[in-house]
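Trainee: Have a look at this one before I ask anything.
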Amino acid sequence: MTDAPTTQDPEETLLTSRDLDGKRPVLEPGKQVPYGHVLYAAALLGRSPAEVVARLTALGYPDIQDAGCPLPETVTPDDAALTRREGNDSFLQRWIDVAAPVSLRQVLETAEHSGRAPADVGRRLTALGYRLGGSGPLPETPDPRDVMLIRTNARGDGRWLDWNDEVSAGHVLEAAAALSCSPHAAAARLASFGLRLPYTPEPDDERLLRVGDAPGACRLGRYRPPSMGHVLTVARETGRSARDIVDRLEVLGLGTPGVPVPESPDQDDFVILSENLDGRGPWLRRNTVVGPRMEHILRASLATGRSPAEITARLTELGHRLHGNAKLPETADEADIRLLDTLDRSYLDDVHLEHVLRSASLTGRSPADVAARLTELGFELPDEVEYPDVRGALAAS
């Protein structure tokens, strides 16, 4: 039945409308009236919930959901609003079901939409007769990211974590990345919901996970394992051993640098591990496929005064193994660095005519000279080409 009861009373019209707006559709006689409908109607009409129940019964709605406890004497509009379900699927169920324990997701969604702290929402729902699915403390501060923080696999068919669920270290990292927040902050917030983490969040975790000190510095994540430079830098700044840093990062769900970390690194280690050779981040990322670029090794040689062979040996100890095709020169030469800077090929790639001509044009060297030097450095030039031994500038004149 969808027609409203025959009445001219505005209160009765409001009371019997399904959405409590005085419009159709109306409550269906013979179908149970949700508890939330009673509380919300009481707040709108300024009546007690008991008066609303009596009025609904007189209007032909005797089946009213029972909370299993005495009705509250009064309900404020703010508290009544908490009984409405929020979220993308709220159209399936308009009111929080008083017959079932309230899920953590529902508490957090309600907190988000009301702008109240989860702890406040939990207390008010309990006072109204609802039962929470968990008994632990909740955060006393609001955070709009809470709901998505408990969503697993936010990009796919995930589920919602619930009271006392166990949270993986990987989930903490993925949630933090998705919400652009610190993994430590995410872990601490998840723990404040009473969820079980495989570790106890520690204040020092924030420094371990942060890459650099500049504003907006990025953080390590599940798919961003720590570099050796990062590990050694954090160890130096915190006074902890590098091994301790790696162990803690593993507990937090991160990978490892891939090789044993030195307990007593020398200052040159920070230089050769830094991309800009200044002893600071960004740090050289480990590439097990093509290895470090030759020009980095040559620049590091010039910066430290060590030979290319010594730099390569130390980088290998630190997890950066040079590709097997590479051929190290005995000494570093600025001309080689300039040449390699013009080449966008790795030791896995063939170097063809167009690459040689481009490098020749950018360096002012002849194509024959470029091809010969690249071959001496270990690059493959498979094309059977007779490269001219004339510089571009001379050929153009």
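Trainee: Mind checking which of VAL107, ALA42, VAL261 is farthest towards the positive end of the chain's charge dipole, using Cβ charges of +1 (Lys, Arg) and -1 (Asp, Glu) about the Cα centre?
Mentor: ALA42
Trainee: Moving on to the next point. Where the accessible area of region 25-122 is counted over protein heavy atoms with a 1.4 Å probe, how much of it, in %, is carbon and sulfur? Let's see the in-between values first.
Mentor: Working: 2240 of 4460 Å².
Ligands and nucleic acids excluded, carbon and sulfur reach 50 percent.
Trainee: In units of 2.2 N^0.38 Å, what is the alpha-carbon radius of gyration of region 1-139?
Mentor: Details: Rg = 14.9 Å, N = 139, 2.2 N^0.38 = 14.3 Å.
Dividing the Cα radius of gyration by 2.2 N^0.38 Å gives 1.04.
Trainee: Which part of region 57-87 falls in the paramagnetic zone of ARG123, meaning amide N under 15 Å from the point 7 Å along Cα-to-beta-carbon?
Mentor: 79
Trainee: Hey, what's the chain come to in accessible area per residue, 1.4 Å probe, Å²?
Mentor: On the way: 20030 Å² over 397 residues.
For the chain, the solvent-accessible area averages 50 Å² per residue.
Trainee: Dipole of region 9-165 (Lys/Arg Cβ +1, Asp/Glu Cβ -1, origin at the Cα centre): which of TYR130, ILE150, ILE96 lies farthest to the positive side?
Mentor: Value: ILE150.
Trainee: Using mean Cβ contacts within 10 Å as the protection proxy, how do 59-67, 382-390, 219-227 order, highest first?
Mentor: Final packing ranking: 219-227, 59-67, 382-390.
Trainee: Taking the Cα centre of region 1-119 as origin, work out the dipole magnitude from +1 charges on Lys and Arg Cβ and -1 charges on Asp and Glu Cβ, in debye rounded to 20.
Mentor: Numbers: 11 positive and 18 negative charges, 31 e Å.
Dipole of region 1-119, to the nearest 20 debye: 140 debye.
Trainee: Under 15 Å from the Cβ of PRO183, count the other residues' Cβ atoms, weight Lys and Arg +1, Asp and Glu -1, and hand me the total. The partial results should precede the final answer.
Mentor: On the way: positive: ARG145, ARG189, ARG207, ARG210, ARG219, ARG222, ARG224, ARG248; negative: GLU174, GLU202, ASP204, ASP205, GLU206, GLU250.
Summing Lys and Arg as +1 and Asp and Glu as -1 gives +2.
Trainee: Go through 306-317, 36-47 and give me the packing order, highest mean Cβ count within 10 Å leading.
Mentor: Working: 306-317: 18.1, 36-47: 22.0.
The peptides rank, most packed first, as 36-47, 306-317.
Trainee: Another question, if that's okay. So what are the ³J(HN,Hα) numbers for region 100-110, from phi and the Karplus equation (6.51, -1.76, 1.60; θ = phi - 60°), rounded to whole Hz, Gly and Pro as x?
Mentor: Calculated HN-Hα couplings, in order: 10, x, 6, 6, 4, 4, 5, 4, 6, 5, 5 Hz.
Trainee: Hull surface divided by four, with the convex hull built on the Cα atoms of region 225-327: how many nm²? Spell out each step's value before the answer.
Mentor: On the way: hull surface 24.8 nm².
With the hull built on Cα positions only, its mean projection is 6.2 nm².
Trainee: Find how much the distance from ASN164 to ARG280 grows on full extension, using 0.36 nm per residue of separation minus their present alpha carbon separation; answer in nm with one decimal.
Mentor: Numbers: separation 116, 0.36 × 116 = 41.76 nm, distance 4.18 nm.
Here the answer is 37.6 nm.
Trainee: Continuing with this model, one more query. Could you go through region 304-320 in sequence order and give the Karplus-derived ³J(HN,Hα) for each residue, using 6.51 cos²θ - 1.76 cosθ + 1.60 with θ = phi - 60°, rounded to whole Hz, and x for Gly and Pro?
Mentor: With coefficients 6.51, -1.76 and 1.60, one gets 9, x, 8, 6, x, 5, 5, 4, 5, 4, 6, 4, 4, 4, 8, x, 10 Hz.
Trainee: Give, in nm to one decimal, the length gained when the segment between ASP9 and ASP97 is fully stretched (0.36 nm per residue of separation minus the Cα-Cα distance). If you can, show how the numbers build up before the last one.
Mentor: On the way: separation 88, 0.36 × 88 = 31.68 nm, distance 2.88 nm.
So the extension gain works out to 28.8 nm.
Trainee: Within 13 Å, Cβ to Cβ, of PRO77, how many net charges do the neighbouring residues add up to if Lys/Arg are +1 and Asp/Glu are -1? Let's see the in-between values first.
Mentor: On the way: positive: ARG47, ARG84, ARG124; negative: ASP78, ASP79.
Net charge around PRO77: +1.
Trainee: Considering the Cα positions of the chain, please state its Rg to one decimal place and its Dmax as a whole number of Å.
Mentor: Cα only, the chain: 33.6, 105 Å (Rg, Dmax).
Trainee: Looking at region 112-270, I'd like the Rg to Rh ratio, where Rg is from alpha-carbon atoms and Rh is Kirkwood's inverse mean 1/r. If you can, show how the numbers build up before the last one.
Mentor: Values: Rg = 18.2 Å, Rh = 17.3 Å.
So for region 112-270, dividing Rg by the Kirkwood Rh gives 1.06.
Trainee: Quick one: net charge of PRO260's neighbours, Cβ under 13 Å, K/R +1, D/E -1?
Mentor: Values: positive: ARG243; negative: ASP247, GLU263, GLU317.
After counting each charged neighbour, the total is -2.
Trainee: Follow-up. Taking 0.36 nm per residue of separation and subtracting the Cα-Cα distance, what length does fully extending ALA178 through THR375 add? Spell out each step's value before the answer.
Mentor: Details: separation 197, 0.36 × 197 = 70.92 nm, distance 4.54 nm.
66.4 nm is the gain from fully extending ALA178 to THR375.
Trainee: Here's something else I'd like to know. Enumerate the amide H contacts of TRP95 below 5 Å, restricted to partners 5 or more residues apart or on another chain; note that Pro and chain-start residues carry no placed amide H.
Mentor: When sequence neighbours closer than 5 places are left aside, the close amide H contacts are ARG85.
Trainee: List the residues, sorted by chain then number, that are 5 or more residues from LEU132 or on another chain and whose placed amide H is less than 5 Å from its amide H.
Mentor: VAL102
Trainee: Give the distance, in whole Å, between the Cα centre of region 61-87 and the Cα centre of region 170-224.
Mentor: Each part reduced to its Cα centre gives a spacing of 38 Å.
Trainee: Using the crude model of +1 on Lys and Arg Cβ and -1 on Asp and Glu Cβ, and no other charge, please compute the dipole size for region 214-343 relative to its Cα centre, in debye to 20. Please list the in-between numbers first.
Mentor: Working: 17 positive and 18 negative charges, 120 e Å.
Roughly 580 debye for region 214-343.
Trainee: Additional query: Mind giving me the FRET efficiency for CYS69 and GLU250? R0 is 56 Å, r the Cβ-Cβ distance, nearest 0.05 is fine.
Mentor: Numbers: r = 48 Å, r/R0 = 0.86.
Taking R0 as 56 Å, the efficiency between CYS69 and GLU250 is 0.70.
Trainee: Relative to the Cα centre, what is the charge dipole magnitude of region 73-149, using +1 at the beta carbon of each Lys and Arg, -1 at the beta carbon of each Asp and Glu, and rounding to the nearest 20 debye?
Mentor: Details: 9 positive and 12 negative charges, 35 e Å.
With only Lys, Arg, Asp and Glu charged at Cβ, the dipole is about 160 debye.
The values are calculated or read from the model by the stated rules, or taken from the named source; none is laboratory data. This is a predicted model, so every value here is computed, not measured. A quick note on method: Cβ atoms are made from the backbone with ideal geometry, for glycine too, and the neighbour counts reach across all protein chains shown. What goes into the accessible areas is simple: the full protein's heavy atoms, side chains included, and nothing from ligands, DNA or RNA. Shrake-Rupley method; radii C 1.70, N 1.55, O 1.52, S 1.80 Å.
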